[in-house]
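A.B. asks: First the structure, which I've put down as C-alpha coordinates, then a few questions once you've had a look.
The values are calculated or read from the model by the stated rules, or taken from the named source; none is laboratory data. Since we're looking at a predicted model, the values are computed, not measured. Note that we place each Cβ from the backbone using ideal geometry, even for glycine, and neighbour counts take in every protein chain shown. Protein only, heavy atoms only, side chains kept; ligands, DNA and RNA dropped before computing areas. Shrake-Rupley method; radii C 1.70, N 1.55, O 1.52, S 1.80 Å.
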Amino acid sequence: MAVLVTGGAGYIGSHACVELLLSGRDVVVLDNFSNSSPVALKRIKDLTGKSFRVYNVDLLDKAGLEHVFSENDIEAVLHFAGLKAVGESVSVPLKYYRNNVIGTVYLCEVMQQYGVKRMVFSSSATVYGVAENVPITEDSRLTAINPYGRTKLMIEELLHDIYQADDEWRIAVLRYFNPVGAHSSGKIGEDPKGTPNNLMPYIAQVAAGKRPQLSVFGANYPTKDGTGIRDYIHVVDLALAHLKALEYIQAHAGIEAFNIGTGVGYSVLEMINAFEQASGKTIPYIVSERRNGDVALCYANPDKARSRLKWQAKRDIHAMCEDTWRWQSNNPNGYQSVSDSRQAPIEKESPLVKTAAFLL
Ligand code: WQD
(Lines give C-alpha, C1' and ligand atoms only; values in the text may rest on other atoms or scores of the structure.)
Protein backbone atom coordinates (compact mmCIF):
# COMPACT_ATOMS: atom_id res chain seq x y z
CA MET A 1 0.00 0.00 0.00
CA ALA A 2 1.33 3.47 -0.83
CA VAL A 3 0.50 7.07 0.03
CA LEU A 4 -0.06 9.22 -3.05
CA VAL A 5 1.45 12.70 -2.58
CA THR A 6 0.05 15.19 -5.09
CA GLY A 7 2.45 18.12 -5.49
CA GLY A 8 5.15 15.93 -3.97
CA ALA A 9 7.98 17.89 -5.63
CA GLY A 10 6.75 21.18 -4.13
CA TYR A 11 7.88 22.99 -1.00
CA ILE A 12 5.63 21.34 1.58
CA GLY A 13 5.03 18.15 -0.43
CA SER A 14 8.76 17.39 -0.67
CA HIS A 15 9.21 17.80 3.09
CA ALA A 16 6.21 15.52 3.65
CA CYS A 17 7.71 12.89 1.31
CA VAL A 18 10.94 12.85 3.33
CA GLU A 19 9.09 12.25 6.60
CA LEU A 20 6.74 9.66 5.05
CA LEU A 21 9.66 7.67 3.58
CA LEU A 22 11.69 7.88 6.79
CA SER A 23 8.66 6.63 8.73
CA GLY A 24 8.64 3.53 6.52
CA ARG A 25 5.69 4.34 4.30
CA ASP A 26 5.73 3.72 0.56
CA VAL A 27 5.23 6.90 -1.47
CA VAL A 28 4.03 7.67 -4.99
CA VAL A 29 4.56 11.25 -6.18
CA LEU A 30 2.30 13.01 -8.66
CA ASP A 31 3.41 16.44 -9.87
CA ASN A 32 3.06 18.52 -13.06
CA PHE A 33 6.22 20.49 -12.22
CA SER A 34 4.48 23.79 -13.02
CA ASN A 35 5.81 25.28 -9.79
CA SER A 36 8.37 22.71 -8.63
CA SER A 37 11.54 20.97 -9.78
CA PRO A 38 12.36 17.31 -10.40
CA VAL A 39 15.66 18.02 -8.67
CA ALA A 40 13.77 18.13 -5.37
CA LEU A 41 12.81 14.48 -5.92
CA LYS A 42 16.45 13.51 -6.42
CA ARG A 43 17.28 15.30 -3.17
CA ILE A 44 14.48 13.37 -1.37
CA LYS A 45 16.03 10.11 -2.53
CA ASP A 46 19.49 11.28 -1.43
CA LEU A 47 18.12 12.25 1.99
CA THR A 48 16.14 9.08 2.64
CA GLY A 49 17.93 6.42 0.56
CA LYS A 50 14.46 5.26 -0.47
CA SER A 51 13.07 4.74 -3.97
CA PHE A 52 9.64 5.85 -5.04
CA ARG A 53 7.58 6.26 -8.19
CA VAL A 54 7.04 9.69 -9.79
CA TYR A 55 4.28 10.56 -12.26
CA ASN A 56 4.48 13.74 -14.30
CA VAL A 57 0.71 14.24 -14.37
CA ASP A 58 -1.58 17.27 -14.11
CA LEU A 59 -4.69 17.01 -11.90
CA LEU A 60 -6.78 18.07 -14.93
CA ASP A 61 -5.51 15.02 -16.85
CA LYS A 62 -8.12 12.53 -15.67
CA ALA A 63 -6.75 9.69 -17.80
CA GLY A 64 -3.35 10.33 -16.26
CA LEU A 65 -4.85 10.20 -12.77
CA GLU A 66 -6.59 6.90 -13.60
CA HIS A 67 -3.29 5.53 -14.85
CA VAL A 68 -1.58 6.35 -11.55
CA PHE A 69 -4.31 4.62 -9.53
CA SER A 70 -4.42 1.63 -11.87
CA GLU A 71 -0.67 1.03 -11.49
CA ASN A 72 -0.41 1.53 -7.72
CA ASP A 73 -2.14 0.24 -4.61
CA ILE A 74 -2.97 3.63 -3.07
CA GLU A 75 -4.23 3.63 0.55
CA ALA A 76 -4.50 7.40 1.08
CA VAL A 77 -3.78 10.72 -0.60
CA LEU A 78 -1.90 13.74 0.76
CA HIS A 79 -3.27 16.44 -1.51
CA PHE A 80 -0.82 19.36 -1.77
CA ALA A 81 -1.05 20.13 -5.50
CA GLY A 82 -2.51 23.56 -6.17
CA LEU A 83 -1.74 27.15 -7.12
CA LYS A 84 -1.08 29.25 -4.02
CA ALA A 85 -0.16 32.86 -4.82
CA VAL A 86 -2.79 35.19 -3.35
CA GLY A 87 -1.87 38.13 -5.58
CA GLU A 88 -1.86 36.02 -8.77
CA SER A 89 -5.26 34.55 -7.84
CA VAL A 90 -6.74 38.07 -7.91
CA SER A 91 -5.48 38.70 -11.44
CA VAL A 92 -6.23 35.25 -12.92
CA PRO A 93 -9.07 33.80 -10.80
CA LEU A 94 -10.29 31.31 -13.42
CA LYS A 95 -6.85 29.70 -13.53
CA TYR A 96 -7.14 29.15 -9.75
CA TYR A 97 -10.71 27.82 -9.80
CA ARG A 98 -9.89 25.51 -12.70
CA ASN A 99 -6.63 24.20 -11.34
CA ASN A 100 -7.45 24.00 -7.63
CA VAL A 101 -11.18 23.22 -7.55
CA ILE A 102 -11.76 21.28 -10.78
CA GLY A 103 -8.44 19.52 -10.35
CA THR A 104 -9.56 18.36 -6.90
CA VAL A 105 -12.93 17.23 -8.28
CA TYR A 106 -11.11 15.03 -10.82
CA LEU A 107 -8.83 13.66 -8.12
CA CYS A 108 -11.77 12.78 -5.84
CA GLU A 109 -13.68 11.18 -8.73
CA VAL A 110 -10.74 8.92 -9.53
CA MET A 111 -10.19 8.16 -5.84
CA GLN A 112 -13.84 7.11 -5.58
CA GLN A 113 -13.52 5.04 -8.76
CA TYR A 114 -10.63 3.10 -7.20
CA GLY A 115 -12.17 2.88 -3.74
CA VAL A 116 -9.57 5.19 -2.14
CA LYS A 117 -11.44 7.27 0.47
CA ARG A 118 -8.75 8.65 2.75
CA MET A 119 -7.37 12.16 2.21
CA VAL A 120 -5.34 14.77 4.05
CA PHE A 121 -6.07 18.08 2.36
CA SER A 122 -3.71 21.07 2.31
CA SER A 123 -5.92 24.00 3.27
CA SER A 124 -4.93 27.40 4.57
CA ALA A 125 -5.61 29.93 7.31
CA THR A 126 -6.65 32.17 4.45
CA VAL A 127 -10.11 30.58 4.74
CA TYR A 128 -10.58 32.67 7.91
CA GLY A 129 -10.19 35.94 6.01
CA VAL A 130 -10.07 38.85 8.45
CA ALA A 131 -10.45 36.84 11.67
CA GLU A 132 -12.76 38.46 14.26
CA ASN A 133 -10.75 37.07 17.17
CA VAL A 134 -7.24 35.77 17.67
CA PRO A 135 -5.95 33.21 18.42
CA ILE A 136 -8.07 31.63 15.70
CA THR A 137 -10.00 28.42 16.45
CA GLU A 138 -11.36 25.97 13.87
CA ASP A 139 -14.95 27.11 14.55
CA SER A 140 -14.08 30.71 13.66
CA ARG A 141 -16.07 32.31 10.84
CA LEU A 142 -14.89 31.18 7.37
CA THR A 143 -14.75 34.20 5.10
CA ALA A 144 -12.09 33.92 2.43
CA ILE A 145 -11.30 37.34 0.94
CA ASN A 146 -9.39 36.39 -2.23
CA PRO A 147 -9.85 33.84 -5.01
CA TYR A 148 -7.02 31.64 -3.68
CA GLY A 149 -8.66 31.46 -0.25
CA ARG A 150 -12.06 30.88 -1.85
CA THR A 151 -10.70 27.88 -3.78
CA LYS A 152 -9.49 26.41 -0.49
CA LEU A 153 -12.86 27.06 1.13
CA MET A 154 -14.75 25.58 -1.84
CA ILE A 155 -12.62 22.46 -1.68
CA GLU A 156 -13.25 22.13 2.04
CA GLU A 157 -16.98 22.35 1.33
CA LEU A 158 -16.89 19.83 -1.53
CA LEU A 159 -15.02 17.43 0.74
CA HIS A 160 -17.77 17.84 3.36
CA ASP A 161 -20.39 17.09 0.69
CA ILE A 162 -18.49 14.00 -0.46
CA TYR A 163 -18.50 12.71 3.12
CA GLN A 164 -22.20 13.50 3.56
CA ALA A 165 -22.91 11.40 0.45
CA ASP A 166 -20.59 8.54 1.39
CA ASP A 167 -19.58 8.12 5.03
CA GLU A 168 -16.78 5.74 4.14
CA TRP A 169 -14.63 8.81 3.41
CA ARG A 170 -12.12 9.82 6.09
CA ILE A 171 -10.72 13.31 5.58
CA ALA A 172 -8.43 15.63 7.55
CA VAL A 173 -8.34 19.27 6.49
CA LEU A 174 -5.14 20.98 7.64
CA ARG A 175 -5.32 24.78 7.73
CA TYR A 176 -1.72 25.94 7.50
CA PHE A 177 -0.72 29.26 8.98
CA ASN A 178 2.61 30.55 7.60
CA PRO A 179 4.92 27.74 6.47
CA VAL A 180 8.61 28.73 6.55
CA GLY A 181 12.01 27.11 6.99
CA ALA A 182 13.66 24.11 5.35
CA HIS A 183 14.94 20.64 6.11
CA SER A 184 17.97 20.92 8.44
CA SER A 185 20.18 19.26 5.78
CA GLY A 186 19.86 22.34 3.57
CA LYS A 187 19.09 20.01 0.63
CA ILE A 188 15.40 20.84 0.18
CA GLY A 189 13.56 24.10 0.79
CA GLU A 190 11.30 26.80 -0.60
CA ASP A 191 12.17 27.69 -4.19
CA PRO A 192 9.84 30.54 -5.25
CA LYS A 193 9.80 31.48 -8.91
CA GLY A 194 10.64 35.13 -9.64
CA THR A 195 10.09 37.71 -6.88
CA PRO A 196 9.04 36.02 -3.64
CA ASN A 197 5.53 36.97 -2.48
CA ASN A 198 6.18 35.87 1.08
CA LEU A 199 8.27 37.42 3.83
CA MET A 200 10.74 34.69 4.72
CA PRO A 201 12.05 33.84 1.23
CA TYR A 202 12.30 37.55 0.48
CA ILE A 203 14.35 38.18 3.63
CA ALA A 204 16.57 35.18 2.74
CA GLN A 205 17.27 36.63 -0.71
CA VAL A 206 18.14 40.03 0.82
CA ALA A 207 20.53 38.26 3.23
CA ALA A 208 22.10 36.46 0.26
CA GLY A 209 22.60 39.76 -1.57
CA LYS A 210 20.13 38.79 -4.33
CA ARG A 211 17.87 41.74 -3.42
CA PRO A 212 18.99 45.13 -2.10
CA GLN A 213 16.41 45.56 0.65
CA LEU A 214 13.12 44.40 2.09
CA SER A 215 9.94 46.49 1.87
CA VAL A 216 8.05 46.27 5.14
CA PHE A 217 4.40 46.50 4.10
CA GLY A 218 3.16 48.97 6.68
CA ALA A 219 4.39 49.85 10.18
CA ASN A 220 1.17 51.47 11.42
CA TYR A 221 -0.86 48.39 12.32
CA PRO A 222 -2.32 48.14 15.84
CA THR A 223 0.42 45.72 16.93
CA LYS A 224 3.37 45.79 19.37
CA ASP A 225 5.70 47.42 16.84
CA GLY A 226 3.25 48.47 14.14
CA THR A 227 4.13 45.65 11.72
CA GLY A 228 2.04 42.61 10.79
CA ILE A 229 2.01 39.64 13.14
CA ARG A 230 1.79 36.07 11.81
CA ASP A 231 2.02 32.49 13.06
CA TYR A 232 5.11 31.10 11.31
CA ILE A 233 5.39 27.32 11.37
CA HIS A 234 8.48 25.29 10.46
CA VAL A 235 7.84 23.22 7.32
CA VAL A 236 9.19 20.06 9.00
CA ASP A 237 6.72 20.47 11.87
CA LEU A 238 4.06 20.98 9.22
CA ALA A 239 5.16 17.83 7.37
CA LEU A 240 5.01 15.83 10.60
CA ALA A 241 1.46 17.08 11.20
CA HIS A 242 0.50 15.27 7.97
CA LEU A 243 1.82 11.97 9.28
CA LYS A 244 -0.22 12.43 12.44
CA ALA A 245 -3.27 13.32 10.34
CA LEU A 246 -2.80 10.12 8.28
CA GLU A 247 -2.79 8.08 11.48
CA TYR A 248 -5.86 9.98 12.69
CA ILE A 249 -7.99 9.31 9.59
CA GLN A 250 -6.99 5.66 9.61
CA ALA A 251 -8.62 5.44 13.04
CA HIS A 252 -11.47 7.96 12.75
CA ALA A 253 -14.34 8.22 10.27
CA GLY A 254 -15.61 11.60 9.10
CA ILE A 255 -14.07 14.92 8.14
CA GLU A 256 -12.25 17.25 10.56
CA ALA A 257 -10.39 20.55 10.17
CA PHE A 258 -7.27 21.36 12.19
CA ASN A 259 -5.28 24.57 12.59
CA ILE A 260 -1.61 23.84 11.98
CA GLY A 261 0.32 26.66 13.62
CA THR A 262 2.47 27.27 16.68
CA GLY A 263 -0.03 29.51 18.47
CA VAL A 264 2.68 32.18 18.70
CA GLY A 265 2.71 35.33 16.57
CA TYR A 266 5.82 37.18 15.43
CA SER A 267 5.98 40.61 13.81
CA VAL A 268 7.82 41.46 10.62
CA LEU A 269 10.48 43.35 12.60
CA GLU A 270 10.91 40.38 14.95
CA MET A 271 11.42 38.10 11.93
CA ILE A 272 14.01 40.50 10.49
CA ASN A 273 15.87 40.52 13.80
CA ALA A 274 15.73 36.73 14.15
CA PHE A 275 17.05 36.28 10.63
CA GLU A 276 19.92 38.71 11.25
CA GLN A 277 20.83 36.66 14.34
CA ALA A 278 20.65 33.39 12.41
CA SER A 279 22.57 34.52 9.32
CA GLY A 280 24.95 37.10 10.74
CA LYS A 281 23.78 39.34 7.89
CA THR A 282 22.15 42.77 8.08
CA ILE A 283 18.73 42.96 6.44
CA PRO A 284 18.26 46.51 5.09
CA TYR A 285 14.59 47.53 4.86
CA ILE A 286 12.29 50.42 4.11
CA VAL A 287 8.76 50.89 5.38
CA SER A 288 6.28 51.09 2.51
CA GLU A 289 2.50 51.21 2.16
CA ARG A 290 0.36 48.38 3.54
CA ARG A 291 -0.27 45.53 1.06
CA ASN A 292 -3.90 45.15 -0.03
CA GLY A 293 -5.63 42.28 1.76
CA ASP A 294 -3.16 42.10 4.63
CA VAL A 295 -4.46 41.82 8.17
CA ALA A 296 -2.70 43.08 11.30
CA LEU A 297 -2.85 39.89 13.30
CA CYS A 298 -3.20 36.23 12.38
CA TYR A 299 -2.18 33.35 14.63
CA ALA A 300 -3.62 29.98 15.54
CA ASN A 301 -5.12 28.29 18.54
CA PRO A 302 -3.51 24.87 17.86
CA ASP A 303 -5.16 23.06 20.79
CA LYS A 304 -7.37 20.83 18.63
CA ALA A 305 -4.40 19.44 16.67
CA ARG A 306 -2.53 18.96 19.93
CA SER A 307 -5.34 17.00 21.58
CA ARG A 308 -6.78 15.13 18.60
CA LEU A 309 -3.75 14.59 16.36
CA LYS A 310 -1.29 14.35 19.26
CA TRP A 311 0.79 16.89 17.33
CA GLN A 312 2.41 20.17 18.22
CA ALA A 313 5.10 22.33 16.67
CA LYS A 314 8.56 21.81 18.17
CA ARG A 315 10.86 24.08 16.07
CA ASP A 316 11.18 27.71 17.14
CA ILE A 317 11.80 30.94 15.21
CA HIS A 318 15.57 30.51 15.44
CA ALA A 319 15.41 27.06 13.82
CA MET A 320 13.08 28.48 11.16
CA CYS A 321 15.62 31.18 10.31
CA GLU A 322 18.75 29.01 10.66
CA ASP A 323 17.32 26.27 8.43
CA THR A 324 16.10 28.81 5.86
CA TRP A 325 19.53 30.43 5.77
CA ARG A 326 21.31 27.08 5.34
CA TRP A 327 19.03 26.22 2.39
CA GLN A 328 19.43 29.69 0.85
CA SER A 329 23.20 29.82 1.20
CA ASN A 330 23.67 26.23 -0.04
CA ASN A 331 21.30 26.78 -2.98
CA PRO A 332 21.58 30.44 -4.06
CA ASN A 333 19.51 29.68 -7.17
CA GLY A 334 17.20 27.17 -5.57
CA TYR A 335 16.97 23.92 -7.54
CA GLN A 336 18.20 25.59 -10.70
CA SER A 337 21.82 24.74 -9.85
CA VAL A 338 23.53 23.24 -12.93
CA SER A 339 25.11 20.28 -11.14
CA ASP A 340 21.72 18.73 -10.33
CA SER A 341 19.86 19.65 -13.49
CA ARG A 342 21.94 17.20 -15.57
CA GLN A 343 20.74 14.44 -13.26
CA ALA A 344 17.09 15.53 -13.38
CA PRO A 345 15.28 12.15 -13.54
CA ILE A 346 12.17 13.37 -15.29
CA GLU A 347 12.42 13.33 -19.04
CA LYS A 348 10.92 16.00 -21.22
CA GLU A 349 7.18 16.29 -21.45
CA SER A 350 5.61 14.02 -24.07
CA PRO A 351 2.19 12.37 -24.28
CA LEU A 352 3.65 8.86 -24.18
CA VAL A 353 6.05 9.60 -21.39
CA LYS A 354 3.64 11.87 -19.54
CA THR A 355 1.97 9.15 -17.53
CA ALA A 356 4.90 6.77 -17.31
CA ALA A 357 6.33 6.16 -13.88
CA PHE A 358 9.86 7.22 -13.11
CA LEU A 359 11.42 5.20 -10.36
CA LEU A 360 13.80 7.24 -8.29
C1 WQD B 1 3.72 37.87 6.18
C2 WQD B 1 3.89 39.26 6.77
C3 WQD B 1 3.21 41.02 5.29
C4 WQD B 1 6.38 40.27 2.33
C5 WQD B 1 0.36 34.26 2.75
C6 WQD B 1 -0.91 33.74 2.14
C7 WQD B 1 -1.38 32.53 2.88
C8 WQD B 1 -0.29 31.51 2.96
C9 WQD B 1 0.97 32.10 3.56
C10 WQD B 1 -0.69 29.86 1.26
C11 WQD B 1 2.72 40.19 6.46
C12 WQD B 1 4.72 41.11 5.56
C13 WQD B 1 5.55 40.19 3.43
C14 WQD B 1 7.21 41.40 2.16
C15 WQD B 1 6.34 42.33 4.20
N16 WQD B 1 -0.02 30.96 1.69
N17 WQD B 1 5.55 41.21 4.35
N18 WQD B 1 7.16 42.40 3.11
O19 WQD B 1 0.36 37.19 3.66
O20 WQD B 1 0.52 36.21 6.01
O21 WQD B 1 0.11 34.70 4.06
O22 WQD B 1 1.33 33.23 2.77
O23 WQD B 1 -1.44 29.16 1.88
O24 WQD B 1 -2.48 32.00 2.20
O25 WQD B 1 -1.90 34.75 2.29
O26 WQD B 1 2.35 35.76 4.35
O27 WQD B 1 4.76 36.01 4.09
O28 WQD B 1 3.22 37.18 2.43
O29 WQD B 1 3.40 38.01 4.79
O30 WQD B 1 6.33 43.24 5.04
O31 WQD B 1 7.98 41.53 1.16
O32 WQD B 1 5.04 39.88 6.18
O33 WQD B 1 2.62 42.32 5.27
O34 WQD B 1 2.53 41.04 7.60
P35 WQD B 1 0.78 36.08 4.54
P36 WQD B 1 3.48 36.72 3.83
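A.B. asks: Met154: open to solvent by 40 Å² or more (accessible area, probe 1.4 Å), out of contact with any Lys or Arg (no Cβ under 9 Å at 6 or more places or on another chain) and in a helix (DSSP H, G or I), yes or no?
C.D. replies: Spelling it out, Met154 is indeed open to solvent by 40 Å² or more (accessible area, probe 1.4 Å), out of contact with any Lys or Arg (no Cβ under 9 Å at 6 or more places or on another chain) and in a helix (DSSP H, G or I).
A.B. asks: Quick one: is Tyr266 open to solvent by 30 Å² or more (accessible area, probe 1.4 Å), under 26 Å from Arg306 (Cα atoms), within 16 Å of the ligand (Cβ to nearest atom) and under 24 Å from the mean Cα position of the chain (by Cα)?
C.D. replies: yes
A.B. asks: Something else now. Quick check: is even one residue across segment 292-302 more than 17 Å from Gly226 (Cα to Cα), within 16 Å of the ligand (Cβ to nearest atom), touching a Gly at 6+ places or on another chain (Cβ under 7 Å) and small (Gly, Ala, Ser)?
C.D. replies: yes
A.B. asks: Of the conditions (1) crowded, with 21+ Cβ neighbours inside 10 Å; (2) under 18 Å from Glu322 (Cα atoms), Lys281 clears all except one; give me its number.
C.D. replies: (1)
A.B. asks: Next up: Can you name the residue in segment 206-243 that is assigned to a strand (DSSP E or B) and near the ligand (Cβ under 9 Å from one of its atoms) and, of all such residues, is most open to solvent (accessible area, probe 1.4 Å)?
C.D. replies: Phe217
A.B. asks: Any chance segment 213-223 includes a residue that's at positive phi, more than 23 Å from the chain's Cα centre (by Cα) and touching a residue at least 60 places away in the same chain (Cβ under 8 Å)?
C.D. replies: yes
A.B. asks: Right, next: Within segment 124-134, does at least one residue satisfy the condition of being out of contact with any Lys or Arg (no Cβ under 9 Å at 6 or more places or on another chain), within 16 Å of the ligand (Cβ to nearest atom) and among the hydrophobic types (A, V, I, L, M, F, W, C)?
C.D. replies: Scanning segment 124-134, I find at least one residue that is out of contact with any Lys or Arg (no Cβ under 9 Å at 6 or more places or on another chain), within 16 Å of the ligand (Cβ to nearest atom) and among the hydrophobic types (A, V, I, L, M, F, W, C), so the answer is yes.
A.B. asks: Here's another thing I want to ask about it. Can you name the helices (runs of 4 or more DSSP H) wholly within segment 54-120 that have at least 2 residues being over 22 Å from Asn198 (Cβ atoms) and hydrophobic (A, V, I, L, M, F, W, C)?
C.D. replies: Here the list reads 62-71, 103-113.
A.B. asks: Here are some residues: Gly181, Gly149, Gly186. Which one is out of contact with any Pro (no Cβ under 9 Å at 6 or more places or on another chain), at pLDDT 95 or above and within 12 Å of the ligand (Cβ to nearest atom)? Spell out how you get there, then give the answer.
C.D. replies: Details: Gly181 fails: within 12 Å of the ligand (Cβ to nearest atom); Gly186 fails: within 12 Å of the ligand (Cβ to nearest atom).
Criteria check complete, one pass: Gly149.
A.B. asks: Right, something else. Of the residues in segment 303-329, how many are closer than 23 Å to Asp191 by Cα and either near the ligand (Cβ under 10 Å from one of its atoms) or assigned to a helix (DSSP H, G or I) (or both)?
C.D. replies: Qualifying residue count for the region: 13.
A.B. asks: OK, next. Could you tell me which of the residues Pro196, Pro201, Pro192 is in a loop (DSSP other than H, G, I, E, B) and in contact with a Pro (Cβ under 7 Å, 6 or more places away or on another chain)?
C.D. replies: Residue meeting the stated conditions: Pro192.
A.B. asks: Given (1) more than 23 Å from Tyr128 (Cβ to Cβ); (2) within 16 Å of the ligand (Cβ to nearest atom); (3) at pLDDT below 95, identify the lone condition not met by Val338.
C.D. replies: Just one mismatch for Val338, condition (2).
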